[in-house]
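Everything on this sheet refers to the single structure shown next.
The values are calculated or read from the model by the stated rules, or taken from the named source; none is laboratory data. These figures come from a predicted structure and were not determined experimentally. Virtual Cβ from ideal backbone geometry, glycine too; neighbours counted across all protein chains shown. To get the accessible areas, we keep the full protein, side chains included, count just its heavy atoms, and leave off ligands, DNA and RNA. Shrake-Rupley method; radii C 1.70, N 1.55, O 1.52, S 1.80 Å.
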Amino acid sequence: MLDDMTRRDRVWLVLLTLVAATLRLVRLDAQSLWIDEFLMILRASLGEPFRWSDWFVNPQGPLPALLLRWSVAAFGSSEWALRLPSALLGTATVPLVYILARRLHPSSAWPAAILATISPFLIWYSQETRHYALAVLAAAWSGIAFLRLLDERPGRSAVLHYSLSLLVGLMSHLVMGFVAIAHGLTLFRWRRDRVPAWLAAVVPAFLLFSPWLWVAVTQNLNLANVAQPGSIPEAELLRGESTFSWLGLPYTFFVFLAGYSLGPSLVELHDAPRMATVLPHLATILPLALGALVLALSGLAAMRREPAHRGLVLLSLAVPLLAVTLLSLQNAKVFHPRYVALALPFLLSLLGAGFAHLRATRVVVACAAALLVVVPSLVSLGNYYGNSRYAREDSRGAARILRGQATASDIVLGQGAPQLLEWYDHGPAPVVIVFEPWLRDPQALDARIEAWSAGRRHVWLMCVRPWIQDPGRTLKTVLDRRFGPGEAHPLNGVTLIRYSTGR
């Protein structure tokens, strides 16, 4: 795949990959782990002997958990070691995006690879111990392997290569199945003679993945409420609320290019998920959208002589987005851009083709559109590395404060996602998780607080991601009324307040 590259191009690709590695390794352990990373750690059974049951328990695929175990065995259990596999996989994605873009449209390779290198979205997931760095890498790899089936005579090695890339993707995250569907639809439309080769690769991969698919369908999806007649009772909605907003569709493309560290923060969007939250940031959002739209339309024009490649790009974007939207509308899964992230290598390839196409005829327009995309990415990266407003929830900081100030005669009432206190040393104070159903009866809640605080000098409130279980801040209101205003400790994404009981 790189045999026809010049020596100069090889050197530049190595240098670009080193830049990507630097951006993904720098400040790798600067932010606290957050709840989804903690759940990943639990699924990997770190610190325990490997059990074959662990191999099958993860419904989203076992490979990331296995890589996590290897990393911890080699480097320990610091945040740096926990996130190292994602950082390395995210780095390796950059040359794969280069190869994918080069196969889709040769002149798109460098612009696409540069966008992948500085992508705030890809860097975010390259610094999380999650499934997505490996899944995106596998999506780019499978795209390269699929293009061999599409453009070349599909021999046994090409089929095996494609099947292996699909299997790795499926073992990373089950949304890889949507990517395989996009590939199949491309062949049905433009190269039906290659469908048998596609089936020869897809069927074994899905058969080998079927145990995890069964776990996902039976345990990870909210299928009890799917196709239920009438409205779903509020108490049974995923996370206590409707899982889909149409604003999620444009937001997906925005974060693909700008990440989560530009415009409204995740906390702001969860606290007030409406257009009024977005309006103050339109001066940032609209220029980025304009630049991306110009490059995307130009990219489609650039691929007009390669209709199968253009169709592959569009289907690779549309199929995962449509599938995740339908699952969310049916309340089977919460809508989130990360579930569509496997389409990003194709979007970057499309934008790269658009820049190359425009540069050949309208250099000023090409540079202006590219700047409208690149500058927000760089600003977002600056925010990601240095602006705590966009950082992950600081459970580590909360644990540090509790370890230094809370005693065994105190109690911590945790809301939202306080489970990370199980990972970080938070001192001797016991933790009680306050569940959402307890907040519905104020009198019963008051009685519980009376029991929890009996004999305690201080009651600590630790609220992480309150929109999950307490969007109305009911528990804080009751504690304020009972004990008076507490001593607040400002932390990113975490409410930590100490109340004195007077005892």
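Data table
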quantity	calculated
Residue within the stretch 322-343 that is within 16 Å of T186 (Cβ to Cβ), under 21 Å from the mean Cα position of the chain (by Cα) and surrounded by fewer than 22 Cβ atoms within 10 Å (Cβ to Cβ) present	yes
Any hit, the stretch 89-96, residues being of a type outside the set (S, T, N, Q) and touching an Asp or Glu at 6+ places or on another chain (Cβ under 9 Å)	no
Residue satisfying condition, being out of contact with any Pro (no Cβ under 6 Å at 6 or more places or on another chain), closer than 23 Å to S261 by Cα, part of a helix (DSSP H, G or I) and not small (G, A, S), within set R396, R392	R396
Hits in the stretch 170-190 (condition: modelled with pLDDT of 95 or more and not hydrophobic (A, V, I, L, M, F, W, C))	H183, G184, T186, R189
Residues within the stretch 401-421 that are out of contact with any Asp or Glu (no Cβ under 9 Å at 6 or more places or on another chain), assigned to a helix (DSSP H, G or I) and touching a residue at least 24 places away in the same chain (Cβ under 8 Å), tallied	5
Close pairs (7 angstrom Cβ cut-off, 6 or more residues apart or separate chains): in contact (Cβ under 8 Å) with a residue 12 or more places away in the chain in the stretch 371-382, among the polar types (S, T, N, Q) and surrounded by fewer than 22 Cβ atoms within 10 Å (Cβ to Cβ) anywhere	P376/T284
Qualifying residue in the stretch 24-34 (condition: part of a helix (DSSP H, G or I) and free of Cβ contacts under 8 Å to residues at least 40 places away in the same chain)	no
Among the candidates A87, A92, residue that is under 30 Å from A302 (Cβ atoms) and either among the aromatic types (F, W, Y) or at pLDDT 95 or above (or both)	A92
Residue among L33, L63, L68, L42 that is modelled with pLDDT of 90 or more and either farther than 22 Å from P211 by Cβ or surrounded by fewer than 18 Cβ atoms within 10 Å (Cβ to Cβ) (or both)	L33
Unmet requirement for P106, which otherwise passes all of (1) exposed (fewer than 14 other Cβ atoms within 10 Å of the Cβ); (2) closer than 30 Å to N387 by Cα	(2)
Odd one out for A370 among (1) out of contact with any Lys or Arg (no Cβ under 9 Å at 6 or more places or on another chain); (2) surrounded by fewer than 24 Cβ atoms within 10 Å (Cβ to Cβ)	(1)
Spans of strands (runs of 3 or more DSSP E) in the stretch 453-503 with at least 3 residues open to solvent by less than 60 Å² (accessible area, probe 1.4 Å) and under 18 Å from V267 (Cα atoms)	458-464, 494-500
Subset of the stretch 293-314 (residues that are more than 13 Å from F346 (Cβ to Cβ) and either crowded, with 17+ Cβ neighbours inside 10 Å or touching a residue at least 40 places away in the same chain (Cβ under 8 Å) (or both))	V294, L295, L297, S298, A301, A302, E306, P307, A308
Of residues in the stretch 196-213 being open to solvent by less than 30 Å² (accessible area, probe 1.4 Å) and over 19 Å from S157 (Cβ atoms), the one modelled with the highest pLDDT	F209
Matching entry among G184, G143 (being touching a Phe, Trp or Tyr at 6+ places or on another chain (Cβ under 9 Å) and surrounded by fewer than 20 Cβ atoms within 10 Å (Cβ to Cβ))	G184
Of all residues making up the stretch 424-446, the number that are within 28 Å of the chain's Cα centre (by Cα) and surrounded by fewer than 19 Cβ atoms within 10 Å (Cβ to Cβ)	5
Of all residues in the stretch 72-83 being more than 13 Å from V26 (Cβ to Cβ) and open to solvent by 10 Å² or more (accessible area, probe 1.4 Å), the one that is nearest to the chain's Cα centre (by Cα)	E79
